[in-house]
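Take a look at the structure below.
The values are calculated or read from the model by the stated rules, or taken from the named source; none is laboratory data. Remember, predicted model here, so these are calculated numbers, not experimental data. Note that we place each Cβ from the backbone using ideal geometry, even for glycine, and neighbour counts take in every protein chain shown. When the accessible area is computed, the model is the full protein with side chains, heavy atoms only, and any ligands, DNA or RNA have been set aside. Shrake-Rupley method; radii C 1.70, N 1.55, O 1.52, S 1.80 Å.
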Amino acid sequence: MGDAEGQCEVPRVEGRTGEPAGLHIGVIGGGQLGQMLGLAGVAMGHRFTFLDPAFEPPAASVGRHIQAEFDDTEALERLAVECDLVTLEFENIPQASAERVAARNCLMPSPAALAVAQDRLEEKQFFEGLGLTVAPWVQVDSVRDIVQGVAHLGGASILKTRRFGYDGKGQVRLADPAHAAHEGGPGNPGEAASAWEALGGVPAVLEKMQHFEREVSIVALRSRSGEQRVYPLVTNVHHHGILWQTTAHRGDPLQAEAERAAKRVMEKLDYVGVLTIEFFVVDGRLVINEMAPRVHNSGHWSLGGACTSQFENHVRALLGWPLGDTDPLGEVAMLNLVGRLPDPEAVLAVPGTSWHDYGKTPRAGRKLGHVTVTAPDANSLESRLDQLRGLITPPGD
Ligand code: ATP
Ligand code: MG
């Protein structure tokens, strides 16, 4: 996989003359993650160009926008040639596009890291190869594989497309055959066939459903210089497959285990930038769900809730600048604003809150913004969250 620092050169800011000294950072994708990266980077003197197929994506408000598909070779070349370095905020780009950019400029994270994160099957094999625990799973390329897989895994299971899943899309849940067979459940080939069809008959994996105590994730980062940092492990609550609430605090008993996993993954991939890993907590231990090779929704709390946000730290990591402190500023939580926005004035009247609106057109199931709330102790955080949950509709409701 090579040494990312050895593969490409990022110009140094110090001593640059005749142009703004900050760097020109290219970003593949221009959604809210790009917008928040841009806001952090512009504040540090850099400028941005985002490649995104949308007409006016959120990030267009903080940089130049190239409106193009992710396989538009001419646009990708332009991004690679005009910028000092390239990163991404959307990982589901064609491998050929990632390689095209990487052939011309530094692409961080690398195409190799992207390839692992893009395919649930390769990702699971990669984790297993590092000795990390994943939920029992089988490869699915046909209805027959589902029928056999359900029997093999035992209990309830979940069928997921290998590629392009997000926010719970590209998934079908299959009930425990022991309970459902007499009702024509997934023990029944008809049920397996409809699950297969519901996902469009594409390569998939079938995973055993985990009866988790909670879901957690870790946002970690590695700089071009090899320096590594990890944010505190956070607890995530999903609603209809979409992240609803993240809570961050110091001293989670699983912090060290999550940190070891993240560092093992980053070192193996010679990773540069922010990497997020999602886990289920089962019987007090971590079971890896998946990773995202980018800044992540479960790290949004760090914007205002940690000494250095995940966005600023991602930019620092790309440049090889010293990484910032990842400590939380007290007890912190984030709630996503999905589908429609609440009244900002009512939200901001709750102490410790900050309001983030991505400037998107409201639509059912769409992430429009988020709210962070900080508090001096766990009890006051919970009471502030109670107030906020009274004002904000959970995803899918
Ligand atoms: P996102 O991109 O939003 O993180 P995703 O579409 O990539 O989500 P997953 O993270 O795999 O998909 O699944 C979404 C949610 O569905 C999980 O956060 C979890 O709540 C539930 N889920 C997924 N797999 C399992 C499993 N094996 N057992 C129990 N719950 C699961
Ligand atoms: Mg997920």
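For region 146-291, the extents of the C-alpha atoms along the principal axes are 55, 28, 27 Å, listed from largest to smallest.
Straight-distance candidates among the lysines for linking to K367, with alpha-carbon spacing under 19 Å and chain neighbours fewer than 8 residues away dropped: K169.
The alpha carbon radius of gyration of the chain, expressed as a multiple of 2.2 N^0.38 Å, is 0.99.
Can you compute the charge dipole magnitude of region 136-208 about its Cα centre, using +1 on each Lys and Arg Cβ and -1 on each Asp and Glu Cβ, nothing else charged? Give it in debye, rounded to the nearest 20. All intermediate terms of the calculation are to be shown ahead of the outcome.
On the way: 7 positive and 8 negative charges, 50 e Å.
My answer is approximately 240 debye.
What does the charge count around A333 come to, taking other residues whose C-beta lies under 12 Å from its C-beta (Lys +1, Arg +1, Asp -1, Glu -1)? Kindly include the intermediate steps, with their values, before the conclusion.
Values: positive: R384, R389; negative: E331, E382, D386.
With Lys, Arg at +1 and Asp, Glu at -1, the net is -1.
Each Lys and Arg adds +1 at its Cβ and each Asp and Glu adds -1 at its Cβ; summed about the Cα centre, the chain shows a dipole of about 100 debye. Mean residue ellipticity at 222 nm from the helices of the chain, using -39,500 (n - 2.57) per DSSP H segment of n ≥ 4 over the full residue count, to the nearest 500 deg cm²/dmol? When only DSSP H runs of four or more count, the value is -9000 deg cm²/dmol. With a Förster radius of 25 Å applied to the C-beta separation of T393 and F212, the computed FRET efficiency comes to 0.55. Compared with the dominant principal axis of the Cα atoms in the chain, helix 255-268 is inclined by about 70°.
What part of the accessible area of the chain, given as a whole %, is carbon or sulfur when the probe is 1.4 angstrom? That fraction is 49 percent. Isolated cysteines in the chain, defined as those with no second cysteine Cβ under 4.7 Å, comprise C83, C307.
Heavy-atom accessible surface of the chain, averaged per residue, reaches 41 Å², computed with a 1.4 Å probe. Distance between the pseudo-spin-label points of L348 and E19 (7 Å out from Cα toward the beta carbon): 3.8 nm. A simple packing score, the average count of other Cβ atoms within 10 Å per residue, orders the peptides 299-309, 75-85, 163-173 as 299-309, 75-85, 163-173, with the highest score first. Pairs from the list K208/K360; K124/K263; K124/K360 with a Cα-Cα gap above 25 Å: K208/K360; K124/K360.
Order V62, V274, most accessible first, counting only protein heavy atoms with a 1.4 angstrom probe. Walk me through the numbers on the way to the answer.
Working: V62 30, V274 0 Å².
These residues rank, largest area first, as V62, V274.
Rounded to the nearest 20, the Cβ-based charge dipole of region 1-129 about its Cα centre (Lys and Arg +1, Asp and Glu -1) stands at 360 debye.
Note down the Stokes-Einstein diffusion coefficient of region 80-235 in µm²/s, whole number, using a Kirkwood radius over alpha carbon pairs, 25 °C, and 0.890 mPa s.
Numbers: Rh = 17.8 Å.
For these conditions, the coefficient is 138 µm²/s.
Kirkwood's formula applied to the C-alpha pairs of region 214-389 gives a hydrodynamic radius of 16.5 angstrom. With viscosity 1.002 mPa s and temperature 20 °C, the Kirkwood radius over alpha carbon pairs of region 136-208 converts through Stokes-Einstein to a diffusion coefficient of 184 µm²/s.
Mind checking which of H296, L286, F164 is farthest towards the positive end of region 145-296's charge dipole, using Cβ charges of +1 (Lys, Arg) and -1 (Asp, Glu) about the Cα centre? Farthest towards the positive end: H296. Distant-in-sequence amide contacts of G26, defined by a placed amide H-H separation under 5 Å and a gap of 5 or more residues or a different chain, comprise T49, D84, L85, V86, T87.
Output the 0 to 90 degree angle, nearest 10, between the alpha-carbon long axis of helix 120-129 and the longest principal axis computed from the alpha carbons of the chain. Tilt of helix 120-129: around 90 degrees. What is the log10 of I(q)/I(0) for region 308-397, computed with the Debye formula using one identical point scatterer on each Cα and no solvent, at q = 0.12, 0.13, 0.22 Å⁻¹? Results for region 308-397 at q = 0.12, 0.13, 0.22 Å⁻¹ read -0.45, -0.52, -1.04.
For region 29-157, taking the reciprocal of the average inverse distance between every pair of different Cα atoms yields a Kirkwood hydrodynamic radius of 16.9 Å. Residue-wise HN-Hα couplings along region 233-242, as the Karplus relation 6.51 cos²θ - 1.76 cosθ + 1.60 with θ = phi - 60° gives them from phi, are 4, 10, 9, 10, 10, 9, 9, 6, x, 10 Hz; Gly and Pro carry x.
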